[in-house]
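Comments concern the structure below.
The values are calculated or read from the model by the stated rules, or taken from the named source; none is laboratory data. The structure presented is a predicted model; accordingly, all values stated were derived computationally and were not measured. All Cβ positions, even for glycine, are placed from backbone atoms using ideal geometry, and neighbour counts span all protein chains on display.
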Amino acid sequence: MFKKKVLFFAATLSSPLSHILILIPRSSHTMKQFSPEQKHSILLHLQSRRADQSPDDIARLHGVSGGRRTLNNWRQKWDGSAASLEHKQGAGRPRLLTFTQVKQLIHTPIVKKNRAHTAINYPQLLPSVQQKSGTQIALRTLRRYGKRDAGIKMKHTKRETVNESE
């Protein structure tokens with residue numbers, strides 16, 4: 001069996017009161033994307049496998065994350081041609097907010113608050129977005145839309161003491 005190695009590096013945050021040790025993953029694992037031609041060739045290999053080879057063995061040999069389950073999903077779509085394994089337009093869950101709504105409901109209020117030098121965070125923004133859009137949207141989805149579509153970066157501010165502000 002293969003074992004995954006996860007590397008961590010330690011960072012210390014120091015404050016007058018305490019030291020905190022945080023373990024942060026060094027790199028994240030992303031799933032490899034296969035072209036329809038690659039999927040086709042893997043499925044042909046699966047179809048002509050030896051008796052002592054399992055679908056999990058073939059998935060491991062080709063580096064397919066998800067193993068047999070992924071190969072079965074591909075096989076259900078497959079009609080013997082690589083074209084049947086193309087990603088279909090409109091596949092997957094539809095967006096809750098359009099790009100225009102993201103600009104109006106997320107980007108614009110944040111920019112206005114920033115120009116007024118007022119702090120704002122996503123939990124404060126969530127009720128107005130839900131009310132104006134008429135959809136129940138999760139806080140995590142709101143953050144993802146803000147980051148990916150509106151280009152908003154989360155920033156933490158540091159409070160100044162009375163002595164520092166003078």
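Values for this structure:
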| read-out | value |
| --- | --- |
| Qualifying residue in the range 148-162 (condition: surrounded by 14 or more Cβ atoms within 10 Å (Cβ to Cβ), outside any helix (DSSP H, G or I) and acidic (Asp, Glu)) | yes |
| Members of the range 67-86 found to be assigned to a loop (DSSP other than H, G, I, E, B) and touching a residue at least 12 places away in the same chain (Cβ under 8 Å), listed by number | Trp78, Ser81, Glu86 |
| Residues that are over 10 Å from Pro36 (Cα atoms), within 26 Å of the chain's Cα centre (by Cα) and either at pLDDT 85 or above or polar (S, T, N, Q) (or both), drawn from the range 77-92 | Lys77, Gln89 |
| Members of the range 36-64 found to be part of a loop (DSSP other than H, G, I, E, B), surrounded by 11 or more Cβ atoms within 10 Å (Cβ to Cβ) and within 26 Å of the chain's Cα centre (by Cα), listed by number | Val64 |
